Amino acid sequence: MKKYIKGHFKKSIFESETGYLIGLFKVLETNDKEIEIYLNKTITFTGYLPKLNDMDTYIFYGSLVVHERYGEQFNVTSFERCLPEEKDSIVTFLSSGIFKGIGEAKAKKIVKKLGKDALQIILSNPENLLLIPTITQKNVDVLHDKLVEYSTSYQTIVELGHLGFSTKDSIAIYNEYKDQCLDKIKEDIYQLIDGIPGIGFKKIDFIALKQNMDPQDIRRVQAAILYVVKEICNVVGHSYLSKEIILSNLYKGIGKVSIEKVEEALQKIIASNKIIVEEDKYFLKDMYDAENHIAYRLSYLQKKNEKIDQKLNRWIKEIQELYQINYNMEQIEAIRNALSKSILVITGGPGTGKTTIINAICDIYKLKNNLTQEKFLEEVALLAPTGRASKRMAVSSRCSASTIHRFLKWNKELNKFQINQNNKSKVKMVIIDEASMIDTYLMDSLLKGLFYDTKIILVGDQDQLPSVGPGQVLKDIIESGKINTIQLNTFYRQKENSNIITFADQIKNDILDTRIFNEEEDLTFISCSKEDVKHHVTEIINSYELREQQQIQVLCPMYKTQNGIDEFNALLQNLLNKKEKTKEELKVNDTLFREKDKVMQLTNMPDENIFNGDIGIISKINKFNKKNEILVDFDGNLVKYSGNNLNNITLGYAISVHKSQGSEFDYLILPIVKNYNRMLYRKLIYTAVTRCKKNLYLVGELQALKIAIHNNDVDIRKTSLKERIVSKV
């Protein structure tokens with residue numbers, strides 16, 4: 001039996017453009033014993049709902065939840081609107097102001113004449129109203145039309161629910177198409193994929209086939225082709241696909257469709273400009289436009305007239321003296337170019353001084369323009385693709401830094417940036433660290449949010465893992481050979497961890513010289529079978545003092561398998577944070593959390609200044625009668641998790657290599673076994689190794705390491721940004 005509350009909407013507290021509503025509701029009836037304490041009182045509710053009014057009676061279906069900040073709330077999953085049943089309620093409703101020209105006197109006359117079925121009679125036979133004295137034809141028209149309009153949204157949303165859409169999706173669909181919803185669906189249900197954010201092909205296809213859609217319908221085939229191109233490009237990282245790849249994956253996804261039907265559908269898509277074809281390269285229109293826009297903007301900056309300030313050498317010398325630093329020739333060239341050119345790429349491996357150069361650029365920019373710190377932050381934006389990378393950038397530069405999404409004011413609900421081509425940022429220079437992680441769409445959005453003359457400095461290591469999203473922006477820019485680029489080759493951290501940096505350099509050059517292992521403490525390789533990996537990892541951790549153990553990080557390329565992230569988290573939790581009577585525990589789904597556990601954030605929570613990949617320590621677990629909460633310490637920033645937010649953290653003793661990007665760890669353990677299969681490739685191993693600052697341990701099979709270092713084929717992405725830059729500069 002579904003739990004519900006019945007009563008009246010009282011007040012809106014928050015309302016988003018997507019229909020998400022937080023409000024107060026007076027409870028008159030419920031079948032949930034937990035909510036009986038709210039009878040004849042108000043309760044906070046949340047959910048995706050249409051416009052509500054305080055005249056109607058509603059039934060909300062859902063459950064009582066506990067928000068970590070706002071306490072108990074009723075989470076609405078579906079609803080019903082009850083038409084007024086009592087005569088007094090109908091009078092109040094008709095005279096509420098919704099129906100222009102109908103006051104209390106006329107409302108009473110209507111109810112007296114038509115009775116408790118007045119509203120249904122008005123809807124079905126409005127001419128009966130003319131039997132009532134003082135009711136004019138204009139009154140009849142207003143009453144009928146407004147009541148129809150008022151009822152339509154609810155009826156439509158209910159009908160969409162019957163088709164198989166959630167309340168959230170139904171409201172989004174209604175908000176987009178209003179009373180044309182059902183006509184739009186009948187015309188082509190697949191058009192909702194482009195019209196409504198969050199509604200994908202699989203959901204629509206399931207509903208369409210359930211409604212007896214012909215599997216060979218041209219509308220379905222067109223939607224399936226677009227889905228295949230989007231899905232493969234987003235998952236693999238390509239900018240375009242060949243026709244052969246599209247067709248082979250199309251048949252896997254939707255079954256047998258005649259080649260004639262597929263060709264017809266493909267030509268319709270091309271004619272509608274949703275896919276652009278160059279030779280045998282099939283681009284989504286958005287990707288095609290994004291690559292062209294990036295190439296055009298970079299070529300514009302590259303061609304700009306440049307003026308070198310003669311005082312640069314003096315300022316560089318001042319900064320060297322101030323911080324007791326001696327820049328090498330590569331670094332001096334990078335600093336000079338960054339401050340004199342409109343576009344510059346600075347690239348190099350770990351320990352080559354990229355952070356030092358960023359700091360120098362900031363300091364000299366302030367000197368050059370005689371800026372206070374406050375004014376500097378108005379003119380210059382320090383950016384990174386991830387929260388952890390931006391935090392590292394802020395600490396090293398002694399300036400505030402931000403994620404690119406936060407700088408562009410990303411609206412998560414609308415999936416749009418508020419800083420865009422129509423509302424540009426006024427900064428004069430942006431410095432972007434960890435630029436290898438920027439995908440094509442994000443780079444396109446960033447450029448749209450900047451004025452044409454804004455100076456851009458990209459800093460990164462092109463040999464690391466590319467972006468999660470499609471494209472390989474940094475690599476394509478560098479390989480084009482047309483954009484100002486400084487390659488850093490001198491290792492500055494050579495004395496600190498010479499073997500780690502040398503090993504990383506060997507990896508990117510397809511070299512494995514085993515003599516480098518076990519020479520010094522900073523780089524250790526322990527050869528063992530896959531069955532013995534955990535045993536050796538345990539020995540490594542036990543060799544450190546307790547205070548250092550929490551600084552040890554395990555990186556794995558996969559979650560499952562014998563030596564995957566899940567297995568290591570279970571092992572290391574019991575090894576590093578043993579069960580004790582004094583430590584409270586809480587199980588969330590399949591994960592057991594314990595006080596003092598290391599945990600990792602899985603989503604961005606900018607309001608709490610916490611981002612995907614951040615690592616913290618559980619300081620406290622509180623268990624209440626109806627509410628459990630976990631308090632996590634992220635380097636002094638205490639964040640509470642309860643309710644659905646508990647799914648935003650996981651154990652962090654072992655994490656994926658992808659999640660580690662933008663981070664650095666003092667002590668790093670990297671299991672390496674042949675069972676990792678397709679995850680054994682050069683960029684992944686290189687990225688993992690370059691996360692380590694002090695001591696690196698590789699544990700497992702030497703053959704697996706050889707496979708990974710020599711495998712550079714896995715992440716070859718099909719992009720055309722490089723060629724576009726070449727053609728435009």
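The values are calculated or read from the model by the stated rules, or taken from the named source; none is laboratory data. Worth saying up front: this structure is predicted, and the values here are computed from it rather than measured. We place every Cβ from the backbone using ideal geometry, glycine too, and count neighbours over all the protein chains shown. Areas reflect the complete protein model, heavy atoms only, side chains present, ligands, DNA and RNA absent. Shrake-Rupley method; radii C 1.70, N 1.55, O 1.52, S 1.80 Å.
Among DSSP beta bridges lying fully in the chain, give the percent that are antiparallel, nearest 5.
On the way: 63 of 103 bridges.
Close to 60 percent.
Using the alpha-carbon centroid of each, what span in Å lies between the stretch 542-589 and the stretch 663-724?
A separation of 22 Å, based on Cα centres.
DSSP loop GluC sites (Glu not before Pro) in the stretch 1-74 with at most 16 other Cβ atoms within 10 Å of their Cβ, which ones?
Sparse-neighbourhood loop GluC sites (Glu not before Pro): Glu17.
Explain nothing, just compute: Karplus ³J(HN,Hα) = 6.51 cos²θ - 1.76 cosθ + 1.60, θ = phi - 60°, for every residue of the stretch 389-405 in order, whole Hz, x for Gly and Pro.
5, 5, 5, 4, 4, 5, 5, 5, 8, 6, 10, 6, 9, 9, 6, 4, 4
When every alpha-carbon pair in the stretch 623-729 is counted, what percent end up more than 24 Å apart?
Taking all Cα-Cα pairs of the stretch 623-729, the fraction more than 24 Å apart is 49 percent.
Could you compute the net charge surrounding Lys583? Neighbours are other residues with a C-beta less than 11 Å from the C-beta of Lys583; K and R count +1, D and E count -1. Before the final figure, lay out each step's value.
Values: positive: Lys578, Lys579, Lys581, Arg594, Lys596, Lys620; negative: Glu580, Glu584, Glu585, Glu595, Asp597.
The answer is +1.
In whole angstrom, note down how far apart the Cα centers of the stretch 348-399 and the stretch 8-49 are.
47
How about the stretch 539-587: which trypsin sites (Lys or Arg not before Pro) there are in a DSSP loop, with at most 13 other Cβ atoms within 10 Å of their Cβ?
Sites meeting the loop and neighbour criteria: Lys560, Lys578, Lys579, Lys581.
When the helix-only estimate is applied to the chain (DSSP H runs of n ≥ 4, each -39,500 (n - 2.57), divided by the residue count), what is the mean residue ellipticity at 222 nm, nearest 500 deg cm²/dmol?
Numbers: 28 runs with 298 residues, N = 729.
After summing the helix terms and dividing by residue count, I get -12000 deg cm²/dmol.
Once neighbouring chains are kept in place and the probe is 1.4 Å, which whole percent of the accessible area of the chain is contributed by carbon and sulfur?
Carbon and sulfur atoms account for 48 percent of the accessible area of the chain.
Quick check: the angle from helix 565-576's long axis to the longest principal axis of the chain, C-alpha only, nearest 10 degrees?
70
Quick check: the angle from helix 312-323's long axis to the longest principal axis of the chain, C-alpha only, nearest 10 degrees?
90
So for the stretch 430-578, Kirkwood radius off the Cα pairs, Stokes-Einstein at 10 °C and 1.306 mPa s: how many µm² s⁻¹?
Estimated diffusion coefficient is 83 µm²/s.
Taking amide H atoms as placed 1.01 Å from N in the peptide plane, list the residues 5 or more away in sequence, or in a different chain, whose amide H sits under 5 Å from that of Val76.
Excluding prolines and chain starts, which carry no amide H, the hits are Thr46, Gly47.
Given that compact globular proteins tend to follow 2.2 N^0.38 Å, what is the ratio of the alpha-carbon Rg of the stretch 616-682 to that value?
This ratio for the stretch 616-682 stands at 1.50.
With a 1.4 Å probe and all protein chains left in place, how much accessible area per residue does the chain have, in Å²?
Each residue of the chain exposes 47 Å² on average to a 1.4 Å probe.
Rg to Rh ratio, the chain, alpha-carbon atoms and Kirkwood radius?
Ratio of gyration radius to Kirkwood radius: 1.03.
Between the stretch 444-507 and the stretch 226-240, how far is it from one alpha carbon centroid to the other, in angstrom?
Here the two parts' Cα centres lie 24 Å apart.
Tally Lys/Arg at +1 and Asp/Glu at -1 over every other residue whose Cβ is under 11 Å from the Cβ of Asn563; what's the total? Walk me through the numbers before you get to the answer.
Working: positive: Lys530, Lys534, Lys560, Lys674; negative: Glu531, Asp532, Asp566, Glu567, Glu701.
After counting each charged neighbour, the total is -1.
Test of the criteria: in the stretch 95-199, which GluC sites (Glu not before Pro) are in a DSSP loop and have at most 12 other Cβ atoms within 10 angstrom of their Cβ?
Of the GluC sites (Glu not before Pro), not one in the loops of the stretch 95-199 has a Cβ with at most 12 other Cβ atoms within 10 Å.
Quick check: net charge around Glu231, other residues with Cβ under 12 Å of its Cβ, Lys/Arg +1 and Asp/Glu -1? Intermediate results must be reported in sequence, preceding the final value.
On the way: positive: Lys202, Lys230, Lys252; negative: none.
Result for the local shell: +3.
Apply the Karplus parameterisation 6.51 cos²θ - 1.76 cosθ + 1.60, with θ equal to phi minus 60°, to every residue of the stretch 118-127 and state each ³J(HN,Hα) to the nearest whole Hz, in sequence, with x for glycine and proline.
Values, residue by residue: 3, 5, 5, 5, 4, 5, 8, 9, x, 5 Hz.
Over the Cα atoms of the stretch 203-323, what is the Rg over Rh ratio if Rh follows Kirkwood? It would help to have the intermediate numbers written out before the result.
On the way: Rg = 23.8 Å, Rh = 17.8 Å.
With Rh from the inverse mean 1/r over Cα pairs, Rg/Rh is 1.34.
From the phi of every residue in the stretch 531-539, what ³J(HN,Hα) in whole Hz does the Karplus formula 6.51 cos²θ - 1.76 cosθ + 1.60 yield, where θ is phi - 60° and glycine or proline is x?
Computed from phi, the couplings for the stretch 531-539 are 6, 9, 4, 4, 4, 6, 4, 4, 5 Hz.
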